[in-house]
Amino acid sequence: MALSINPITHVISVSQADLVFISGSLFNHDTAAFRAELKSWEDSEEGMVQPKTHNHNAAVLLGGIQYARVIEILSPYTITFEETGTPYVVSLSGSNNNILEKTNLGTVQILSNNSAGLINVSEVQFDAFQSMVTIDVDNGVSGTVYPAGTAVRPVNNLADALLIAAYRGFNMLHLNSALTIATGQNVDGYTLHSGEWQEVTVEAGVSLVDTNFERISLYGVMGGFWNVLIDCWVYDITNFCGWVRGGSIESVALAAYTVESAGRSYFDDIVPMYPGISSTLTMNTDTAVSFTNSTDITTILSMTAGSTIECGLHGGEVIVDVSCTGGSVTVVGVGVCTNNSALVPDVVGLVNKETVADAAWDDVSADHLTAGTTGKALSDAGSAGNPWGSPIAGNTDAGTFGELVGKKLLTVAKFLGLK
């Protein structure tokens, strides 16, 4: 570290370069190393004539519990962290201290992380968080000081939750309430989880690279990069690219294909949100979609040349809307394809009562002449022709209708007797 101390104003200046970058806008400040450098300055020729900078109580082991070191910055000293023009956050580690109270605050935010004395609180706190930061907009608290963000004391805003998660090394945010992700916020790489399908609204301009949603009721504008939606109720989202596994969709509009981001999207095991009412999937430029095991009714909108959709149905239905003017549609499995467009969907692999009936009645009978089969019996019956056009000779076997007609009714005596 290379701090500097003004001997007149007694301002201790800390450069951002002396901090350890964690992620995003978060940096770590090792207060034990900071104290050691203050002590070194006190012992220098310049510092020896200046007031003492701090008091220090070393870590102490009492009753098998190790208590943290304590650093107290003394008056008249204050601390200023370098202003870089871009706001950032400094997390203090290594001691309990009063650095936050002694800092000249500007655009730099300080996380004190004082911990009631225990030096081994990281393990205790990790268990309290349960590997995630909990958010409750309605009943939570603001701030980042422990226990804020734990299950018993949720934070009430996403910004604080992201700071806590970055510092703790968590990538899951658990929601106890509805949440709006505001324009400019970055949730890249995080998983937003809810046990009760809490509503999440994503505003335009949110960074969502590799962001996952689990058991969420989702609305808004996605980032156009890969996202995973697991067991979600997807009510109305746009600019989507990714994987929807389980759950239901009401309206999804895909992102335009680009090499850097949006590619093929996948929808697996989708069930109807409203029985009997179609969901909608709006295609985009050169987009590709795969459906598997769908029991939903899905209407495909605005499909153009260069786009493809492959649907594997499990009792569902695909409706190709009149707005689809190009591209390739393939439907397989068990279900229905209703085509209202000028396209010609490939339904060779589709099974339903109509396709089964057509396959049976339109098949070539010559391929089904094995003795003892229904096909053979039908063929024989069909080849029998019109019985009234058959010759009498050769059809007068005993006990048959031919015998009655040929040998009895048509004899002269019988004929005259009938008259």
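Please list the non-local residues whose amide H lies under 5 Å from the amide H of Thr280, H modeled 1.01 Å from N, same-chain partners needing a gap of 5 or more. Here the answer is Ser251, Val252, Thr299, since their amide H atoms fall under 5 Å of that of Thr280.
Placing pseudo-labels 7 Å out from each Cα toward the beta carbon at Glu83 and Ala159 gives an inter-label distance of 1.8 nm. Taking amide H as placed 1.01 Å from N in the peptide plane, Gln185 has its amide H under 5 Å from the amide H of Ser207, each at least 5 places away in sequence or on another chain. Here the peptides 293-301, 49-57 are ranked by packing, the mean other Cβ count within 10 Å, and the order with the highest first is 293-301, 49-57. The label-point distance for Phe21 and Val145, in a model that sets each label 7 Å from Cα toward Cβ, rounds to 3.0 nm.
Fully extended, how many nm does the chain gain between Val228 and Asp269 (0.36 nm per residue separation, minus their Cα-Cα distance)?
Values: separation 41, 0.36 × 41 = 14.76 nm, distance 1.38 nm.
Extending this stretch completely gives an extra 13.4 nm.
Computed from backbone phi, the HN-Hα couplings of segment 198-203 come to 5, 7, 10, 10, 9, 7 Hz, rounded to whole numbers (Karplus: 6.51 cos²θ - 1.76 cosθ + 1.60, θ = phi - 60°; Gly and Pro given as x). Dividing the alpha-carbon radius of gyration of segment 4-111 by the rule-of-thumb value 2.2 N^0.38 Å gives 1.11. Taken one residue at a time, the phi angles of segment 310-319 give Karplus couplings (6.51, -1.76, 1.60, θ = phi - 60°) of 10, 10, x, 9, 10, x, x, 9, 10, 10 Hz. Gly and Pro are set to x.
Taken one residue at a time, the phi angles of segment 103-109 give Karplus couplings (6.51, -1.76, 1.60, θ = phi - 60°) of 8, 7, 6, x, 8, 8, 9 Hz. Gly and Pro are set to x.
What list do you get for Leu343, Leu313 if you sort them by fewest beta carbons within 10 Å? Mind dumping the intermediate values first?
Details: Leu343 17, Leu313 25.
Ascending number of Cβ neighbours within 10 Å: Leu343, Leu313.
Here segment 264-324 is assigned +1 on the Cβ of each Lys and Arg and -1 on the Cβ of each Asp and Glu. Its dipole about the Cα centre then comes out at about 80 debye. For the pair Val364 and Ala377, label points projected 7 Å from Cα toward Cβ lie 2.5 nm apart.
FYI, it's all coordinate maths here, none of it is from the lab. This structure is a prediction, so every number in the text was calculated from the model and none was measured. Reconstructed Cβ throughout: ideal geometry from the backbone, glycine too, with neighbour counts over all protein chains shown.
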